[in-house]
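The values are calculated or read from the model by the stated rules, or taken from the named source; none is laboratory data. The model shown is predicted, which means the values in this text are computed figures rather than measured ones. Quick reminder, even Gly has a Cβ in these numbers, built from the backbone with ideal geometry, and neighbours come from all protein chains shown.
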C-alpha cells in the first residue's frame, strides 16, 4: 500500500508523536533521554521548527510544534528519529525497527486548542503513574512554563500561554493551575492515539 504525503502547512501547529515498535521502551536510562534531547537541539539549528511543548516518555515522545516552513517538519523529524535509532541500535545491539511506523502528526487548526494540547502532553507522566506532579518529571517542557526554567529547545512560548498574564510569576501560577486540572477524556484520547 502506498504512503500518502502528509498535509503540512507553513506556519501551522501540530501535535507530533511516535511510539516505540511493539510499544517497547525507546529510552532506557537518563543518557538516552539526554542524547535524544541533544539531537533535537542540534537539528533545530538546521531545520526551522518551533517546539512549544514536549514530553519524552519511555516508549514515545510527544511534541507540540509550529511549522515555519512546511518542508522543514518532515526533514526535522526524519533526522531526529533516524539519528536516535542509530544510537539506540549501536548502544543496545538492537536489530529491526525502533519506532512503530511513521510518526503521527495531528494538525491543530484552532489556536484555542493549543493550551489543551499542552496540558495533554505535559500530564502524560502523571497519567502513566510515573509521578504525582508534572513538576517531578524531568523530560518535559512543564518546568519551562510552570516554573520559568530555561529550556534549550523552546525558543518561543505557546502564544496562549503568553496571553495568560503580562506578569511572569502570575502567568506561571495560572498555567500550573490549568495543568493540574485533570480532564476526564484524557484517558480516552490516550487510547485513540494508541499509547496506552
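Descriptive notes on the structure:
- Qualifying residue in region 56-67 (condition: over 23 Å from residue 135 (Cβ atoms) and part of a helix (DSSP H, G or I)): no
- Residues located in region 48-79, provided they are over 12 Å from the mean Cα position of the chain (by Cα) and crowded, with 21+ Cβ neighbours inside 10 Å: 49, 67, 73, 76
- Residue 191 being exposed (fewer than 14 other Cβ atoms within 10 Å of the Cβ), under 24 Å from residue 12 (Cα atoms) and at pLDDT below 95: no
- Residue list for region 158-172, restricted to those being surrounded by fewer than 16 Cβ atoms within 10 Å (Cβ to Cβ) and under 17 Å from the mean Cα position of the chain (by Cα): 159
- Given (1) touching a residue at least 40 places away in the same chain (Cβ under 8 Å); (2) surrounded by fewer than 18 Cβ atoms within 10 Å (Cβ to Cβ); (3) out of contact with any strand residue (DSSP E or B) (no Cβ under 7 Å at 6 or more places or on another chain); (4) within 29 Å of residue 29 (Cα to Cα), index of the condition residue 82 fails: (1)
- Any hit, region 38-47, residues being touching a helix residue (DSSP H, G or I) at 6+ places or on another chain (Cβ under 9 Å), closer than 24 Å to residue 9 by Cα, crowded, with 21+ Cβ neighbours inside 10 Å and touching a residue at least 24 places away in the same chain (Cβ under 8 Å): yes
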